[in-house]
Amino acid sequence: MRYYRAKQFNAQKAWDAQDIAIIEGASVRLHWSDQPYIWHKNDGQEVFVVLDGCVVMKSRSKDESGHWQIKERQMHIGDICHAQEGDEHVAHPQGPARMLVIEKVGTV
């Protein structure tokens, strides 16, 4: 058995991660960041859990006229986001934050 205390995890740079497990093709990783990630679409589902800190999760899609429509949701400790395959999104930590991310191995 291995145990992890998320609050004690620190990384050398934003979005570094500690690998926890690979379960049937899905990675379970503990991330630390104080900087936004990049806009991206997953080629599978993603579960994103805020363990420490606060994160603004943004999602975007184009409307009928081709303009980007951006939605934001402030996530606090214990909040969970489930992104479907193809959902375009980006996480913006509001200061240092720790997140548990479960997604297909090799996802950006």
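The numbers here are math on the coordinates, done by the rules we state, and not lab data. None of the values given here were measured: they were computed from a predicted structure. FYI the Cβ positions are ideal-geometry reconstructions off the backbone, even for glycines, and counts take in every protein chain you see.
Taking 21 Å as the straight-line reach from the Cα of Lys62, the lysines in range (excluding those fewer than 8 positions away in the same chain) are Lys41, Lys71.
Evaluated at q = 0.12, 0.18 Å⁻¹, the base-10 log of the normalised Debye intensity for the chain, with identical point scatterers placed on the Cα atoms, takes the values -0.40, -0.88.
Per-peptide packing, taken as the mean over residues of other Cβ atoms within 10 Å, places 20-27, 93-100, 35-42 in the sequence 93-100, 35-42, 20-27 from highest down.
Taking Glu64, Glu85, Glu46 in turn, the Gaussian network model of the chain (Cα-Cα springs below 10 Å) assigns the largest fluctuation to Glu64. Per-residue 3J(HN,Hα) values for the range 64-71, derived from phi via the Karplus relation 6.51 cos²θ - 1.76 cosθ + 1.60 with θ = phi - 60°, read 4, 8, x, 8, 5, 10, 10, 10 Hz in sequence order (x marks Gly and Pro).
Considering only alpha-carbon pairs that sit under 8 angstrom and 6 or more positions apart, the relative contact order computed for the range 15-104 is 43 percent.
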